[in-house]
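Have a look at the structure below, then the notes.
The values are calculated or read from the model by the stated rules, or taken from the named source; none is laboratory data. Everything numeric in this text was worked out from a predicted model, so none of it was measured. Note: ideal-geometry Cβ built from the backbone for every residue, glycine included; neighbour counts use all protein chains shown. The area values use the complete protein model at the heavy-atom level, side chains included, leaving out ligands, DNA and RNA. Shrake-Rupley method; radii C 1.70, N 1.55, O 1.52, S 1.80 Å.
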Amino acid sequence: MPGNPNEIKLVNNAMSNATRRKIMNFLNEGDRTVEEIGAEAGKAMLDFHLKLLQQAGLIELKENTAGLTEYGRNFLKGKEENEQGKGADLSQARPIEITEVRQLLPCIADSSKFRTIANMAPPLGGVLKVLEPIFPRGRYSEGIGALIIQENEVITTIYGTGKVTMTMIKDEEEARNRLEKLKNTINEAIAKGVAPAPREKVRVEPMEIYKYLPQTNCGKCGDQSCYTFAIKLMGGEASLDKCTPLKEPKYATNLEHLQVLSAYI
């Protein structure tokens, strides 16, 4: 059973990806062929995912069949026990309203789009962390005390202080429509009193990562192309800070998207 820091790191890396978690849950029902796993979890990079799970000691591969190891079964059992009864209490939270909407400067990445700021009252503070599961692609950042939500090209950041920002907004009407939808989603969760249990995040594909990279193939990261770099990001073999062009102001929005997507790799 993994126990030393390097082995624990392998397990954490293996289980940090939604596809690999899906494979583990699928195998929890019994041994499966590689073809069956591909039909369930997707064939993209399947060999790579299975290899990482095997290296972490979570599964074993025999010819064309995969199954959980004893450690893998115990790992899932312990995870299920830890997650039972963890529905968060929202009973003290009050419904929110959008109190102000105004446009800021045009987006750096696209001058035809805007960055929008709004105010939400009352401020939700730490309740934002509880609300993370209701958004398919949302993550709570402890560092800035905010819930960051990605929906297509738009990134919405809700701060504990009540400030809300949105990127890549077409106009004020779109901003108000999105904010109204956001308000209703949050208020529905507050009305129920308990947030839903954590759920699987939307799977990220290499092309989605590549889409937001500079696509200059400059080689500054040490790879021959931006797509190769995207593959390495997916596999945990590279980090965003290796792409130095992303630090340029014109790629600020791209970097924001990549930082959100990296939470689901």
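Considering only segment 146-158, state which residues are surrounded by fewer than 20 Cβ atoms within 10 Å (Cβ to Cβ) and either part of a strand (DSSP E or B) or touching a His at 6+ places or on another chain (Cβ under 9 Å) (or both). Quick ask: steps written out before the conclusion?
If we filter segment 146-158 for residues that are surrounded by fewer than 20 Cβ atoms within 10 Å (Cβ to Cβ), which is where we start, we get 151-154, 157.
Selection gives Glu151, Glu153, Val154, Thr157.
Take Leu131 and decide whether it is in contact (Cβ under 8 Å) with a residue 24 or more places away in the chain and in a helix (DSSP H, G or I). Even if it seems obvious, please write down each step before you answer.
Values: in contact (Cβ under 8 Å) with a residue 24 or more places away in the chain: yes; in a helix (DSSP H, G or I): yes.
Answer is yes for this residue.
Does Lys22 meet the test of being open to solvent by 80 Å² or more (accessible area, probe 1.4 Å), at pLDDT below 85, of a type outside the set (S, T, N, Q) and within 22 Å of Lys232 (Cα to Cα)? Even if it seems obvious, please write down each step before you answer.
Details: open to solvent by 80 Å² or more (accessible area, probe 1.4 Å): yes; at pLDDT below 85: no; of a type outside the set (S, T, N, Q): yes; within 22 Å of Lys232 (Cα to Cα): yes.
So Lys22 fails the test.
Suppose we keep only residues that are in a loop (DSSP other than H, G, I, E, B) and more than 14 Å from Lys43 (Cβ to Cβ) within segment 202-216. Which one would you say is modelled with the lowest pLDDT? Break it down stepwise before answering.
Residues of segment 202-216 in a loop (DSSP other than H, G, I, E, B): 202-205, 213-216.
Keeping just the survivors that are more than 14 Å from Lys43 (Cβ to Cβ) gives 202, 204, 213-216.
Numbers: Val202: 63, Val204: 74, Leu213: 92, Pro214: 92, Gln215: 92, Thr216: 92.
In this case the residue turns out to be Val202.
Can you name every residue in segment 215-241 that is among the polar types (S, T, N, Q) and open to solvent by less than 60 Å² (accessible area, probe 1.4 Å)?
Initial filter on segment 215-241 (among the polar types (S, T, N, Q)): 215-217, 224-225, 228, 239.
Matches in segment 215-241: Ser225, Thr228, Ser239.
Starting from segment 14-28, keep only residues that are farther than 12 Å from Leu52 by Cβ and in a helix (DSSP H, G or I), then list their pairs with residues that are open to solvent by less than 40 Å² (accessible area, probe 1.4 Å) and modelled with pLDDT of 90 or more whose Cβ atoms are within a distance under 7 Å, requiring at least 6 positions of separation or different chains.
Partner pairs satisfying both residue conditions: Phe26/Ile37; Leu27/Ile59; Leu27/Ala66; Leu27/Gly67; Leu27/Leu68.
Please indicate, with yes or no, whether at least one residue in segment 214-225 is closer than 20 Å to Arg137 by Cβ, of a type in the set (S, T, N, Q) and touching a Ser or Thr at 6+ places or on another chain (Cβ under 7 Å).
Of segment 214-225, the ones closer than 20 Å to Arg137 by Cβ are none.
No.
For segment 233-242, state whether one or more residues are of a type outside the set (D, E, K, R) and either under 30 Å from Ile96 (Cα atoms) or modelled with pLDDT of 90 or more (or both).
Let us first name the residues in segment 233-242 that are of a type outside the set (D, E, K, R), namely 233-236, 238-240.
Next, from what is left, pick out any that are either under 30 Å from Ile96 (Cα atoms) or modelled with pLDDT of 90 or more (or both): none.
No, segment 233-242 contains no residue that is of a type outside the set (D, E, K, R) and either under 30 Å from Ile96 (Cα atoms) or modelled with pLDDT of 90 or more (or both).
When segment 217-265 is examined, which residues are found to be assigned to a helix (DSSP H, G or I) and of a type in the set (A, V, I, L, M)? If you could, list the steps in order and put the result at the bottom.
In the first step, residues of segment 217-265 are kept if they are assigned to a helix (DSSP H, G or I); the result is 226-234, 240-242, 244-247, 249-264.
Of everything in segment 217-265, those that are assigned to a helix (DSSP H, G or I) and of a type in the set (A, V, I, L, M) turn out to be Ala230, Ile231, Leu233, Met234, Leu240, Leu246, Ala252, Leu255, Leu258, Val260, Leu261, Ala263.
Residue-wise test of (1) surrounded by 13 or more Cβ atoms within 10 Å (Cβ to Cβ); (2) part of a strand (DSSP E or B); (3) modelled with pLDDT of 85 or more.
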position	(1), (2), (3)
Pro136	yes, no, no
Ile144	no, no, no
Thr165	yes, yes, yes
Glu173	no, no, yes
Thr185	yes, no, yes
Ala189	yes, no, yes
Ala197	no, no, no
